[in-house]
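The values are calculated or read from the model by the stated rules, or taken from the named source; none is laboratory data. Quick caveat, the model's predicted, so the values are computed rather than measured. Note that each Cβ is placed from the backbone with ideal geometry, even for glycine, and that neighbours are counted across all protein chains shown.
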Ligand SMILES: Nc1ncnc2c1ncn2[C@@H]1O[C@H](COP(=O)(O)OP(=O)(O)OP(=O)(O)O)[C@@H](O)[C@H]1O
Ligand SMILES: [Mg+2]
């Protein structure tokens, strides 16, 4: 059973799409305060696991316990409010809202400024101080009034992180936060993640193994929907099946 | 972006800023000035009053398509229901016009709650199809029910006395009443769009999964917006019944649903003034062409094709976009 030490535990998680099993009996335990990576070749089922954990998809079977509560039957928005917040593989900002407005959307709910339809949106200015801080933390201060659609890819990712952190989540699920980035941007986002991980737990999908090895405490390797290895990088990287799945694929 | 934008192929207009806002204010001021002065200029007031009813209807519809990304294809159900209920309250129960209108508003809200509850979880074209199907059910109820007057509809609906005092049989008094309701309705919708709640609606329209992952129960927000839109639509329908003194099946047909879609697209989805301008153009053309014996559906079709091919943002949307550059 779950100990105080484990923040998220999934047991025997399975998802079938029309007879095709994308995720098969996955057991996953994420230690509180750790940075945990979920890796695996394309199509291994990583994003599907994220979708199951955050209830964007209904599992065919299996159980999910988050922070001591069985959340298997909860709605995605409810899970987010409980403190388990995800990002998306394809960057997810509100394109025609400015950077400031994007972050404010995340702040509005807790400030009770989400359902008030009779007031002017000028009251949202009360959130500007906090939003500005969050934006400065991800080095976007110069773009505060830029519509998200006009940001570079890396900056969109940074904005997503700022928006997510605005919720003060207990745990973050990041789906390939660095995909499509250059070296410099990768370093910047890695630093951001390290900073975000203070006092939080992070589960991330990432293909860049050097990032994973330097950033993550524990690594779970998924292949064809099944967990084939788990442990610290030094151990996992020596695993025969992992080497085959990865190096085999890489050298092919 | 919602899936709907593919079907409609019409992007919402960009946000207004600075200079454009001044331009918009000037246009609003000119519009209000025109509406106030129109009866003095000799414009036939009943036409103008009817037009305002449809403009309010289009503005309410625009709240959904323009700011939530929901294409309701059965909005005439709420317009027609508002018309029947207000008309019936005024005629059969002798209610004063403001109470009759309130009844129309509540009927729109109530029906909106039912339809919204059934449709709101569907996306894109499925949402549109369910609203269409349910509105057809409402149409058949209106056709069969004993109190709607069947094919004849409700005729000679009395305008009554406002608060039991001001006789609205007087055209100027009626005109003033309609103008006030119209402006109040448009202002209320504008306020909602530019409120904290409106900001969440925009976020949902822009990226629904992201809004969910930020903890928003998007169905709830959509349902609130849907009910608000239906309520205002009910008011517009009720007002139309009092203006024309008729509530008939025409008000509730799918053709009327289609007309409001067209008005909004023509004027500009997601703009404050677009639906009003669109309603003005469509209604004015209809009035003139009908009197010349021109087949109106041909015109409607032609306008639709022109919108999709030539100015996808609609008239106001194109102007705003042009001013942005
Ligand atoms: N909604 C769906 N319906 C049907 N099949 C799906 C669905 N979502 C994912 N799949 C399938 O499940 C498998 C796992 O997909 P998933 O997106 O989870 O992989 P991934 O590990 O995230 O891959 P990548 O590294 O490319 O992002 C794939 O074969 C995919 O085609
Ligand atoms: Mg993936």
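For this structure, a couple of remarks:
- Set A:23, A:85: member being within 16 Å of ligand 2 (Cβ to nearest atom) and surrounded by 22 or more Cβ atoms within 10 Å (Cβ to Cβ): A:23
- Taken over region A:49-64, the criterion of being near ligand 1 (Cβ under 10 Å from one of its atoms) and in contact (Cβ under 8 Å) with a residue 60 or more places away in the chain is satisfied by A:49, A:50.
- Total residues in region A:201-215, condition away from ligand 1 (no atom under 13 Å from the Cβ) and surrounded by fewer than 19 Cβ atoms within 10 Å (Cβ to Cβ): 4
- Lone unmet requirement of (1) more than 13 Å from ligand 2 (Cβ to nearest atom); (2) surrounded by 23 or more Cβ atoms within 10 Å (Cβ to Cβ) for residue A:34: (2)
- Criterion violated by residue A:108 - all others in (1) in contact (Cβ under 8 Å) with a residue 12 or more places away in the chain; (2) within 7 Å of chain B (Cβ to nearest Cβ); (3) surrounded by fewer than 15 Cβ atoms within 10 Å (Cβ to Cβ) satisfied: (3)
- Of A:13, A:53, A:57, all but one fail to be surrounded by 23 or more Cβ atoms within 10 Å (Cβ to Cβ), within 14 Å of chain B (Cβ to nearest Cβ) and either at pLDDT 90 or above or within 16 Å of ligand 2 (Cβ to nearest atom) (or both); the exception is A:53.
- Residue match in region A:238-246 (condition: over 22 Å from residue A:180 (Cα atoms) and within 20 Å of the chain's Cα centre (by Cα)): no
- Single residue of region B:176-215 satisfying the filter (over 22 Å from the mean Cα position of the chain (by Cα) and either under 16 Å from residue A:118 (Cα atoms) or touching a residue at least 12 places away in the same chain (Cβ under 8 Å) (or both)) that is farthest from the other protein chains (Cβ to nearest Cβ): B:208
- Screening the candidates B:218, B:296 for the property of being over 13 Å from the mean Cα position of the chain (by Cα), buried (at least 18 other Cβ atoms within 10 Å of the Cβ) and free of Cβ contacts under 8 Å to residues at least 60 places away in the same chain yields one hit, B:218.
- Of the numbered criteria (1) more than 15 Å from ligand 1 (Cβ to nearest atom); (2) farther than 16 Å from residue A:171 by Cα, the one residue A:30 fails is (2).
- Residues of region A:73-82 that turn out to be more than 8 Å from chain B (Cβ to nearest Cβ) and surrounded by 18 or more Cβ atoms within 10 Å (Cβ to Cβ), as a count: 2
- In region B:109-149, the residues that are touching a residue at least 24 places away in the same chain (Cβ under 8 Å), closer than 18 Å to residue B:247 by Cα and loosely packed, with under 14 Cβ neighbours inside 10 Å: B:143, B:147
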